[in-house]
Amino acid sequence: MILKGLKRNAIKKSTEAFLEKRNASSQSISGLKTLAVLIDASYSVNILSLVKLANELGVTPNNLKVMGYKEDKEVEDSKDADYYNDKSFGVNGTIKSQSLQEFIDQDYDVLIGFYQDNKIELNYVAAASNAKLKVGFAEVDNRINDLIIGATVNNPNLFIKELKKYLKILQVI
């Protein structure tokens, strides 16, 4: 239990460090080519609907990457998504999972944080990501996302509709 608390504090500190050094100026996106989606796998999220969303935004399935967080559960990567859990982090908050580190290091045009609970493991990955534009829900720490959509995980159709509307306004799609 003590180690888990130390790990959580280290992850929180790392998240704060990423948020402090993040450049708030907008990076230009010349068109949406790559899309990353970060999900809370404790909710039932239909991966096929995310592939459909990517197609609607003009992103090919090869350029879509889905990463899910499973709290205290064994993780098995599938062909549609990769997963991580608490064991993917070391005691000092470093990342032990190679697939998670690759997800963070990859440059994406847009990262969608498809979660609404403030879980430090999800916030860490979203804050650490190299995505040019980060989109998420209002319930999540507003320093993480560049675009905040007032919908809920339970109403993905509204989220998708609003996301498409704002990406068109921002001339991303």
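The values are calculated or read from the model by the stated rules, or taken from the named source; none is laboratory data. Here the structure is a predicted model, which is why all the values come from computation and not from measurement. As a convention, Cβ positions derive from the backbone with ideal geometry for all residues, glycine included, and neighbour counts pool all protein chains shown. The protein model used for the area step is the full one, side chains on, heavy atoms only, and it has no ligands, DNA or RNA in it. Shrake-Rupley method; radii C 1.70, N 1.55, O 1.52, S 1.80 Å.
Numbers below:
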item: Among 12, 65, 134: highest mean-square fluctuation, GNM of the chain, C-alpha pairs under 10 Å; result: 12
item: Residue 16-residue 96 pseudo-label distance in nm [points 7 Å out on the Cα-to-Cβ vector]; result: 2.5 nm
item: Unsatisfied cross-links (Cα-Cα over 29 Å) in the set 12/132; 96/119; 4/161; 70/134; 132/165; 12/134; result: 4/161
item: Per residue, the convex hull volume that the Cα atoms of the chain enclose (Å³); result: 106 Å³
item: Accessible surface of the chain, 1.4 Å probe, proportion on carbon and sulfur as whole %; result: 48 percent
item: For residue 95, distant residues with modelled amide H under 5 Å away; result: 90
item: For residue 66, residues with placed amide H under 5 Å, excluding near neighbours; result: 37, 82
item: Computed magnitude of the charge dipole of the range 1-153 (debye, nearest 20; Cβ of K, R +1, Cβ of D, E -1); result: 340 debye
item: Residue-level accessible surface for residue 117, protein heavy atoms, 1.4 Å, Å²; result: 50 Å²
item: Solvent-accessible area per residue, Å², over the chain with all protein chains present [probe radius 1.4 Å]; result: 53 Å²
item: Pairwise label distance in nanometres, residue 6 with residue 118, each label 7 Å out on the Cα-Cβ vector; result: 2.6 nm
item: Positive-end residue of 64, 167, 98, charge dipole of the range 42-173 with Cβ unit charges; result: 167
item: On Cα atoms only, tilt of 2-21 relative to the major axis of the chain in degrees; result: 40 degrees
item: Extension reserve of the residue 60-residue 105 stretch, reckoned as 0.36 nm per residue once the Cα distance is removed; result: 14.2 nm
item: Residues in the range 39-61 that a label on residue 154 would reach, taking backbone N under 18 Å of a point 7 Å out along Cα→Cβ; result: 40-46
item: Per-residue SASA entry for residue 97, accessible area with 1.4 Å probe, Å² rounded to 10; result: 20 Å²
item: Within-12-Å neighbourhood charge of residue 16 [Cβ basis; K, R +1; D, E -1]; result: +3
item: Between 0 and 90°, nearest 10: helix 47-56 axis offset from the chain longest Cα axis; result: 40 degrees
item: Fluctuation leader among 20, 162, 71 - the chain, Gaussian network, Cα springs under 10 angstrom; result: 20
item: Accessible heavy-atom area order of 143, 8, 22, highest first, probe of 1.4 Å; result: 143, 8, 22
item: Selected from 88, 42, 153, residue furthest toward positive end of dipole (the chain; charges at beta carbon); result: 153
item: Computed [θ] at 222 nm, helices only, for the chain once each DSSP H run of length n ≥ 4 contributes -39500 (n - 2.57); result: -11000 deg cm²/dmol
item: Top of 150, 68, 136 by mean-square fluctuation, Gaussian network on the chain, Cα under 10 Å; result: 150
item: The chain, relative contact order [Cα under 8 Å, separation at least 6], %; result: 24 percent
